[in-house]
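The values are calculated or read from the model by the stated rules, or taken from the named source; none is laboratory data. Values in this document were obtained by computation on a predicted structure and should not be read as measured data. In this analysis, Cβ positions are derived from the backbone assuming ideal geometry, glycine residues included, and neighbour counts consider all displayed protein chains.
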Amino acid sequence: MTTDRSIIVDSLGVGLATGAYGVSFGAISTASGLSVVQTCVVSLLVFTGASQFAFVGIVASGGNPLTGALTAVLLGSRNLFYGVSMAPRLDLDPAARLATAHFVIDESTAMGVTRETTRQARLGFYWTGISIFVLWNLTTFAGALAGDAIGDPRTYGLDAAVGAAFLGLLWPRLATWRGRLVALIGAAVALGLVPFTAAGLPIVIGGAVAVLAGLLWRPVTP
Amino acid sequence: MTTVWAGIAIMVVGCFALKYAGLSVPPSVLQHPLTVRAVELIPAGLLGALIAVQVLADGSAVRVDARLLALGVAAVLLALRVPFLPMVVASALVAALVRQL
């Protein structure tokens, strides 16, 4: 039997670990050319890590911010399904849903979705989601100031840190052959398009081709 | 700068709408197997593409430099189960050090 207390402790642990890396988002974002205010607004109002990194990554590489936004929203589509799986466990009225939606992210879903009662699902979900939100925004601000002070992002390898951050987000999805194939095709198609299309487009097209390939791929069973 | 704000606005509205819709729509609407599988694959495809462009593109040219080495270091550290933040910092430092040589 899981106690309420252990759920809260676990949730705060996940919150601390995840919230801390807002500092890397903040630093990369201002080094990419966003202002400190823009960086903080993104963390406060978008609040979904992979989408935020994608947006600043595309802006940094000279891509159109609208292409960046499109990529970010596509990456955010998984939150739609997190919401679907959390809804019955949280059991919320319409007003509560509006107040809750912002906290639907990878970690809060992971910490809430496996609970057996509504009470414990809510404990895991809200303690994780809200602790990450508070810390993520504080560390974003600190990182944004640091990134601004550094100036040229290349000096401390911040441009390379973006690739590492993306790889960290991708890593759990490389556990299956289908995941590896899709990531590899996305990378190959995007790279092939770099010389021929406007910055940002290779990412959207590469991602789309890769998803299509992943849907069509049927592993040969021996 | 204005375009950056426009991009941020689209992202804010789009990302919130997806989260809110998930909590609100009847689950049956999104249970088509093809939809479920496509959404599962989107992050892998986009992140793969993002990594390739971030690490190897320089404007409209493809260039191998310290960024690729930094990505290799990140992969090794991830395989060793090093947590996210130290992994990112170490990867950035490797790129910075290599450029000092």
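At a glance:
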{"quantity": "Unmet criterion (only one of (1) over 17 Å from B:D58 (Cα atoms); (2) at pLDDT 95 or above; (3) among the aliphatic types (A, V, I, L, M)) for A:A146", "calculated": "(2)"}
{"quantity": "All positions within the stretch A:103-113 that are closer than 15 Å to A:A87 by Cβ and either surrounded by fewer than 22 Cβ atoms within 10 Å (Cβ to Cβ) or of a type in the set (K, R) (or both)", "calculated": "A:F103, A:V113"}
{"quantity": "Where a residue in the stretch A:13-24 is facing chain B (nearest Cβ under 8 Å) and surrounded by fewer than 21 Cβ atoms within 10 Å (Cβ to Cβ) and its partner, wherever it lies, is at pLDDT 90 or above and in a helix (DSSP H, G or I), with Cβ under 6 Å and at least six apart", "calculated": "A:A20/A:T139"}
{"quantity": "Helices (runs of 4 or more DSSP H) fully within the stretch A:54-116 counting 3 or more residues that are in contact (Cβ under 8 Å) with a residue 24 or more places away in the chain", "calculated": "A:65-75, A:77-90, A:106-112"}
{"quantity": "Pairs, first within 8 Å of chain A (Cβ to nearest Cβ) in the stretch B:85-101, second crowded, with 16+ Cβ neighbours inside 10 Å and hydroxyl-bearing (S, T, Y), C-beta under 7 Å, six or more apart", "calculated": "B:L85/A:Y21; B:L85/A:S24; B:V88/A:S24; B:A92/A:Y156; B:A96/A:Y156"}
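Per-residue answers, yes or no, for (1) assigned to a helix (DSSP H, G or I); (2) more than 20 Å from the chain's Cα centre (by Cα); (3) under 23 Å from A:T71 (Cα atoms):
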residue: B:A9; (1), (2), (3): yes, no, yes
residue: B:V12; (1), (2), (3): yes, no, yes
residue: B:A17; (1), (2), (3): yes, yes, yes
residue: B:I42; (1), (2), (3): yes, no, yes
residue: B:Q54; (1), (2), (3): yes, no, yes
residue: B:P86; (1), (2), (3): yes, no, no
